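Here is the structure we will look at.
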Amino acid sequence: MMKKKLALTTALLAAGAITLAGCASGGDAPGDGAGALDGKGKTLNVLTDANTLYPEEQQKWFADVSEKFKAKTGAEVKFETFASANDELTKIQTSVVSGQGPDIYSLGTTFTPTAYATGAFVKVSDDDWKKVGGRDRFTEASLGISGPDKDNEVGIPARSRPFVMAYNTEMLAAAGIDKPADTWDGLLEQAKKLTHDDVYGLSIAYGDNFDPWKFIWAMSTQAGNPIIDGKKVRLDDPVTIKAYETYFGWLTQDKVVNPAAIGWKASQALASFADGKAAFMPMVTATSINTLEASAVAGKYAYAVMPTVPPGETKRPSDGKEAASILSGSNFVVADYSKNKDLSFALIEMLTTAEEQKVYYDTFGEMPTNAKAAEALETDNAQLAPIVEASKLSVGTPFSGAWGDVQLGMTNVVVQAIPSLNAGSVSTDQIISALKTEQDKAQSALDRAK
Amino acid sequence: MVTTPEARTRADALAADTTPEARTRADALAANAAASADATPARTAARRGGHPAPSSPPTGRPRRARKIGERDRPLWMLAPGGILMVVVILVPLVLGLVISLMDLDQYTLRQWISAPFIGITNYVEALTKSTLIQSIGISVGYAVLVTLICLPIGVAAALATQNRFRGRGLVRSLFLVPYVLPTFVVGTVWRTMLQPDGVGNAMLKNFGIDGGLWLNGPQSYWALVFVQIWASWPFIYLLVLSGLQSVDSEVHEASALDGAGWWTKLRYVILPYLKGPITLALIISFLHSVNNFTLPFVLFGIPAPADVNVLPVLTYITGFQNFRFGLSAAMAVISLILIAIPLFIYLRAVKLDTGEDGGSRVRK
């Protein structure tokens with residue numbers, strides 16, 4: 001089945017490519033000319049993720065954008081959505097191979113390096129940056145994963161979804177804690193104090209396929225290990241081992257996490273917090289507001305920036321980064337094969353103005369990447385201030401085509417440790433040996449990077 | 001259906017005769033010479049052979065007569081199906097083979113045609129550096145287990161619903177529920193039930209058993225086997241049931257008259273009738289389990305725990321998470337070979353007519 005599917009896709013791609021090659025020679029690209037943009041009779045295709053929380057609002061937003069852009073340039077905008085990261089990947093692969101597909105993609109930040117590695121997206125030149133309203137229109141942090149360096153950027157920040165920590169204000173007040181700690185050790189102490197009966201200090205999704213590596217990455221980065229250091233992978237670094245020990249220790253030694261959490265996905269961990277069964281819920285985004293507002297903890301929770309001082313330290317080491325969150329969100333990229341590059345940049349310009357980003361935030365709850373809009377939001381809404389702050393303190397994951405492998409390896413260490421976690425202890429030797437395997441795999445993936 | 005040389009010669013000699021009767025006789029002889037005891041081919045052949053005789057010129061080459069019959073076949077009418085076969089099966093297969101020989105990854109995807117050709121390096125890497133061998137072991141082991149356990153369940157269920165009783169229709173439909181449910185739904189439901197604090201463990205606790213961890217660790221293998229059995233036994237049931245329908249009621253009567261007990265009847269009368277359907281069910285069930293990607297994917301997620309890192313999941317991770325399309329294609333080819341073995345045995349076992357053999361039935 002897999003084989004057939006894979007092969008079939010490839011064949012279809014090939015067929016598509018051939019058809020396209022025929023069409024391409026006949027097409028012309030008046031949109032790329034100088035002067036005012038006239039998009040009459042043209043269609044821009046945009047691929048973006050389906051918003052499962054607000055499907056109707058998203059359709060309306062699509063229509064609004066299309067209408068506005070038509071009024072501005074005469075061109076039509078067609079949105080296409082993908083349901084999962086898989087869908088997205090398939091679509092990108094198809095388009096990359098066939099040289100046909102959407103003009104603009106809205107890509108997840110961590111996927112941007114892989115997309116960059118394919119070389120199928122436009123490197124944004126100084127000129128192009130001007131077309132989208134200037135590079136300085138965006139918050140500095142949001143540009144952190146646009147490209148390997150300033151001169152080779154493909155991603156134009158679209159939205160920011162930084163990770164923060166939700167906490168139960170009532171529980172903290174009852175225990176006499178005035179605010180969440182800013183060190184991981186401090187957070188653990190508070191969590192211990194808050195654990196009693198069937199209430200646990202932390203709600204952690206050990207069984208999630210994405211959450212675990214973000215903890216490990218954050219703690220490692222804060223301790224000065226960027227995981228990918230030039231041509232070297234540093235998964236077997238002592239600070240990373242320490243990060244895993246801390247992460248597993250919360251459950252096995254400190255017992256501040258519900259033992260059932262070994263099977264939890266992120267949504268289950270959030271549900272436990274929403275039930276009032278946990279004091280802290282690290283690694284959530286602003287989209288959790290919906291769940292929490294409709295839950296038992298409505299009005300009794302607040303957000304805070306996650307600790308930025310690595311485990312075992314009281315002060316961040318000098319080479320450590322103040323990484324409150326991975327740089328999360330999405331970037332716009334323009335396809336290399338697009339016949340409507342200028343129109344594409346014009347649309348991105350329209351979507352990243354302060355006003356449009358405010359509209360987007362109001363509709364979907366996703367944070368702006370436009371510096372002005374972010375600032376306005378911070379001053380207007382105290383509840384969101386920590387999220388905006390986390391957005392500023394976000395650090396991009398290493399910009400490498402091999403990042404996918406590294407991320408998978410980091411998650412795999414947690415997945416394979418679950419049985420031991422269930423048995424009550426994950427030994428340091430076990431962590432070291434698991435990391436050694438992943439280190440070798442990741443290093444060979446990095447060696448392949450071109 | 002092998003024709004003995006002597007019979008052939010005799011038949012051919014007769015075919016050289018020009019009279020219609022002689023030709024008919026020759027055809028009948030040739031057909032009779034065939035190993036098949038079936039009388040139909042002989043009759044058909046005789047009929048067909050009789051037609052063109054008066055106008056057909058005498059010929060010194062006996063085999064030619066056969067070719068006249070074949071010549072007029074409008075083979076071009078097979079073209080739509082043929083083209084579809086080529087596009088849907090052959091082209092992708094060849095492309096898959098080609099890709100498995102290339103160093104195709106995220107860096108070379110864009111100009112995939114010109115990706116470096118690296119021969120069998122991918123195969124070597126798949127067999128020596130990846131967990132492919134373990135995955136094959138897990139996949140085959142689990143598929144065999146599932147198939148063997150499903151067999152008695154399916155046969156028993158089919159026998160139980162063979163005779164008429166009140167509510168038989170309802171029971172029969174209920175039996176099909178697991179099979180009709182989409183795998184994705186089955187996976188999601190069982191994943192929820194098999195959580196450490198889920199319904200499954202709560203139930204086991206009533207019996208004083210500590211269920212432990214089902215979705216990771218060594219027990220996850222048994223969870224996969226169990227859920228797959230739950231979802232796939234109705235398939236065997238379905239095929240066996242259809243096989244049972246084809247057993248004539250006279251057979252039942254006869255064995256009853258002869259005083260056969262239920263076991264004797266089942267073992268020596270009914271089961272021989274079911275040999276075909278059961279073999280087919282076993283093979284398809286095995287292939288289905290080996291190829292099942294959705295169930296382990298939904299149950300355990302990605303990356304999969306080492307105990308349930310089955311072949312399709314490994315291939316998927318290699319191709320779509322690590323972007324090693326070439327390596328992944330090599331794994332897929334290896335798994336294709338793996339699947340081809342039982343398929344080949346099956347085709348041999350049921351002697352599904354192909355090529356030479358199939359042709360000889362209708363040839364004359």
## Note on the structure
Filtering the stretch A:403-425 for residues that are facing another protein chain (nearest Cβ under 7 Å), closer than 21 Å to A:Leu327 by Cα and open to solvent by 10 Å² or more (accessible area, probe 1.4 Å) leaves a count of 3
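Every residue, every condition in (1) assigned to a strand (DSSP E or B); (2) of a type in the set (A, V, I, L, M, F, W, C), yes or no:
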| site | (1), (2) |
| --- | --- |
| A:Thr240 | no, no |
| A:Ala243 | no, yes |
| A:Ala260 | no, yes |
| A:Gly276 | no, no |
| A:Pro282 | yes, no |
| A:Asn290 | no, no |
| A:Tyr303 | yes, no |
| A:Glu322 | no, no |
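Quick grid of which residues meet (1) assigned to a helix (DSSP H, G or I); (2) surrounded by 20 or more Cβ atoms within 10 Å (Cβ to Cβ):
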site	(1), (2)
B:Lys275	yes, no
B:Ile284	yes, no
B:Val298	yes, no
B:Asp307	yes, yes
B:Gly319	yes, yes
B:Phe323	no, yes
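Can you tell which of B:Val240, B:Val313 is touching a helix residue (DSSP H, G or I) at 6+ places or on another chain (Cβ under 7 Å), within 14 Å of chain A (Cβ to nearest Cβ), assigned to a helix (DSSP H, G or I) and modelled with pLDDT of 90 or more? Don't jump to the end; show me each part of the working.
Values: B:Val240 fails: within 14 Å of chain A (Cβ to nearest Cβ).
The match here is B:Val313.
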### Task
Can you confirm whether the stretch A:128-137 contains a residue that is hydrophobic (A, V, I, L, M, F, W, C) and within 14 Å of chain B (Cβ to nearest Cβ)?
no
### Task
Among the residues of the stretch B:96-110, write down those that are facing another protein chain (nearest Cβ under 7 Å) and among the hydrophobic types (A, V, I, L, M, F, W, C).
B:Ile99, B:Leu109
## Note on the structure
Here the residues within the stretch B:105-147 that are at pLDDT 90 or above, surrounded by 14 or more Cβ atoms within 10 Å (Cβ to Cβ) and over 30 Å from B:Ser232 (Cβ atoms) are B:Ile118, B:Thr121, B:Asn122, B:Tyr123, B:Glu125
### Query
Could you list, in sequence order, the residues of the stretch A:65-90 that are open to solvent by less than 60 Å² (accessible area, probe 1.4 Å) and charged (D, E, K, R)?
A:Glu88
### Message
List pairs: first residue in the stretch B:180-202 and within 12 Å of chain A (Cβ to nearest Cβ) and more than 17 Å from A:Ile262 (Cβ to Cβ), second residue assigned to a loop (DSSP other than H, G, I, E, B) and open to solvent by 40 Å² or more (accessible area, probe 1.4 Å) anywhere in the structure, Cβ distance under 7 angstrom, at least six positions apart or on different chains.
### Response
none
### Query
Looking at the stretch B:275-289, is at least one residue facing chain A (nearest Cβ under 10 Å) and in contact (Cβ under 8 Å) with a residue 24 or more places away in the chain?
yes
### Query
Looking at the stretch A:260-278, which of the residues that are over 24 Å from the mean Cα position of the chain (by Cα) and touching a residue at least 40 places away in the same chain (Cβ under 8 Å) is surrounded by the most Cβ atoms within 10 Å (Cβ to Cβ)?
A:Ala278
### Task
Only residues in the stretch A:398-420 that are of a type in the set (D, E, K, R) count as the first member; pair them with residues that are open to solvent by 30 Å² or more (accessible area, probe 1.4 Å), Cβ under 9 angstrom, at least 6 apart or cross-chain, and list the lot.
A:Asp405/A:Lys441; A:Asp405/A:Ser444; A:Asp405/B:Gln321; A:Asp405/B:Asn322
### Query
Limited to the stretch A:95-108, what total is found for residues that are among the β-branched types (Val, Ile, Thr) and either facing chain B (nearest Cβ under 9 Å) or open to solvent by 10 Å² or more (accessible area, probe 1.4 Å) (or both)?
2
### Query
Taking the stretch A:327-360 on its own, how many of its residues are closer than 16 Å to A:Asp128 by Cα, in contact with a Pro (Cβ under 9 Å, 6 or more places away or on another chain) and in a strand (DSSP E or B)?
3
## Note on the structure
A:Ala117 passes all but one of the listed conditions (1) more than 14 Å from chain B (Cβ to nearest Cβ); (2) out of contact with any Leu (no Cβ under 6 Å at 6 or more places or on another chain); the exception is number (1)
### Message
Can you confirm whether B:Leu266 is of a type in the set (A, V, I, L, M, F, W, C), in a helix (DSSP H, G or I) and either farther than 25 Å from B:Leu314 by Cα or within 14 Å of chain A (Cβ to nearest Cβ) (or both)?
### Response
yes
#### Entry: Of the criteria (1) more than 22 Å from A:Pro162 (Cβ to Cβ); (2) open to solvent by 30 Å² or more (accessible area, probe 1.4 Å), which one A:Tyr116 fails
(1)
### Any chance B:Ser255 is surrounded by 14 or more Cβ atoms within 10 Å (Cβ to Cβ), within 14 Å of another protein chain (Cβ to nearest Cβ) and not in a loop (DSSP other than H, G, I, E, B)
no
### Task
For the stretch B:194-227, name all the residues that are open to solvent by less than 60 Å² (accessible area, probe 1.4 Å) and more than 19 Å from B:Val310 (Cβ to Cβ).
B:Gln195, B:Pro196, B:Gly198, B:Gly200, B:Asn201, B:Ala202, B:Leu204, B:Gly211, B:Gly212
### Task
Using the structure shown, decide if A:Thr52 is out of contact with any Cys (no Cβ under 9 Å at 6 or more places or on another chain), at pLDDT below 80 and assigned to a loop (DSSP other than H, G, I, E, B).
yes
### Task
Using the structure shown, decide if A:Glu375 is open to solvent by 40 Å² or more (accessible area, probe 1.4 Å), closer than 30 Å to A:Pro55 by Cβ, assigned to a helix (DSSP H, G or I) and more than 14 Å from chain B (Cβ to nearest Cβ).
no
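It is to be established whether one or more residues within the stretch A:85-94 are out of contact with any helix residue (DSSP H, G or I) (no Cβ under 9 Å at 6 or more places or on another chain), within 28 Å of B:Phe320 (Cβ to Cβ) and either touching a residue at least 60 places away in the same chain (Cβ under 8 Å) or within 14 Å of chain B (Cβ to nearest Cβ) (or both).
Filtering the stretch A:85-94 for residues out of contact with any helix residue (DSSP H, G or I) (no Cβ under 9 Å at 6 or more places or on another chain) gives A:87, A:91.
Still in the list and also within 28 Å of B:Phe320 (Cβ to Cβ): A:87, A:91.
Those left that are additionally either touching a residue at least 60 places away in the same chain (Cβ under 8 Å) or within 14 Å of chain B (Cβ to nearest Cβ) (or both): A:87, A:91.
Yes, the stretch A:85-94 contains at least one residue that is out of contact with any helix residue (DSSP H, G or I) (no Cβ under 9 Å at 6 or more places or on another chain), within 28 Å of B:Phe320 (Cβ to Cβ) and either touching a residue at least 60 places away in the same chain (Cβ under 8 Å) or within 14 Å of chain B (Cβ to nearest Cβ) (or both).
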### Message
Could you tell me how many of the residues in the stretch A:304-328 are open to solvent by less than 10 Å² (accessible area, probe 1.4 Å) and either hydroxyl-bearing (Ser, Thr, Tyr) or without any contact (Cβ under 8 Å) to a residue 60 or more places away in the chain (or both)?
### Response
1
### Query
From A:Leu187, A:Leu194, which residue is closer than 28 Å to A:Thr314 by Cα, crowded, with 24+ Cβ neighbours inside 10 Å and touching a residue at least 40 places away in the same chain (Cβ under 8 Å)?
A:Leu187
### Task
Report yes if B:Phe226 is in the same structural domain as B:Arg191 (by TED's automatic domain parsing), of a type outside the set (Lys, Arg), within 14 Å of B:Leu145 (Cα to Cα) and without any contact (Cβ under 8 Å) to a residue 24 or more places away in the chain, otherwise no.
yes
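Does the stretch A:259-275 contain at least one residue that is within 14 Å of chain B (Cβ to nearest Cβ), on the phi < 0 side of the Ramachandran plot and among the hydroxyl-bearing types (Ser, Thr, Tyr)?
yes
The values are calculated or read from the model by the stated rules, or taken from the named source; none is laboratory data. All figures in this text were calculated on a predicted structure; none of them were measured in a lab. Cβ sites come from the backbone with ideal geometry, for glycine too, and all protein chains shown count toward neighbours. These accessible areas exclude ligands, DNA and RNA; they are computed on the full protein's heavy atoms, side chains included. Shrake-Rupley method; radii C 1.70, N 1.55, O 1.52, S 1.80 Å.
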